[in-house]
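See below for the structure under consideration.
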Ligand SMILES: [Ca+2]
């Protein structure tokens, strides 16, 4: 007679637990999902607004610095090779005028344009758009 009583109490307890679990496992409501999506969109927008312009500026700054060091290397190259032609970045690296570990292209992996007219040396990058003669060129 005792086991029957136990069975009854055990059978009601798992039912209520199951009901509780089912309630928890129903997952998020549509409103909760929409709130999460809106928060994620706000975070993505904030990252886009805050980080991307800084990334562009960092690329421009690093390209400007590289162009200046390449220009210095070209000036040294010309002083040691007065009759030589305008060197390429490969010539500068092979001649030891540039650090061998230094990147020889700009921040967009395009070659610098090196022009020598007498003592005037110009080193230019086409910038983010990849075309010379536009506003974003870096000299
Ligand atoms: Ca350009």
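Just so you know, all these numbers are worked out from the coordinates, no wet-lab data involved. Please read all numbers here as calculations on a predicted model, not as lab measurements. No Cβ is skipped: glycine too gets one built from the backbone with ideal geometry, and neighbour counts run over all protein chains shown.
Rounded to whole Å, give me the distance from the Cα center of the stretch 100-139 to that of the stretch 28-42.
Rounded to whole Å, the Cα centres lie 46 Å apart.
On a full-extension model of 0.36 nm per residue, what is the gain between residue 102 and residue 28, subtracting their alpha-carbon distance, rounded to one decimal in nm? Show your work: numbers first, answer last.
Working: separation 74, 0.36 × 74 = 26.64 nm, distance 5.23 nm.
Residue separation times 0.36 nm, minus the Cα-Cα distance, leaves 21.4 nm.
Contact order normalised by length for the stretch 17-124, with contacts defined as Cα pairs under 8 Å and 6 or more residues apart; what percent is it? Spell out each step's value before the answer.
On the way: 63 pairs, mean separation 23.8, N = 108.
Averaging sequence separation for qualifying contacts and normalising by length gives 22 percent for the stretch 17-124.
What's the ranking of 39-48, 76-85 by average number of surrounding C-beta atoms within 10 Å, highest first?
Peptide ranking by packing, descending: 76-85, 39-48.
How long is the gain from residue 90 to residue 119 if the chain were fully straight, where each residue apart is worth 0.36 nm and the alpha carbon distance is subtracted? Each step should come with its number before you reach the end.
Details: separation 29, 0.36 × 29 = 10.44 nm, distance 2.03 nm.
Result for the pair: 8.4 nm of gain on full extension.
Using 7 Å Cα-to-Cβ label points, what is the residue 131/residue 38 separation (nm, one decimal)?
For the pair residue 131/residue 38, the computed spacing is 4.2 nm.
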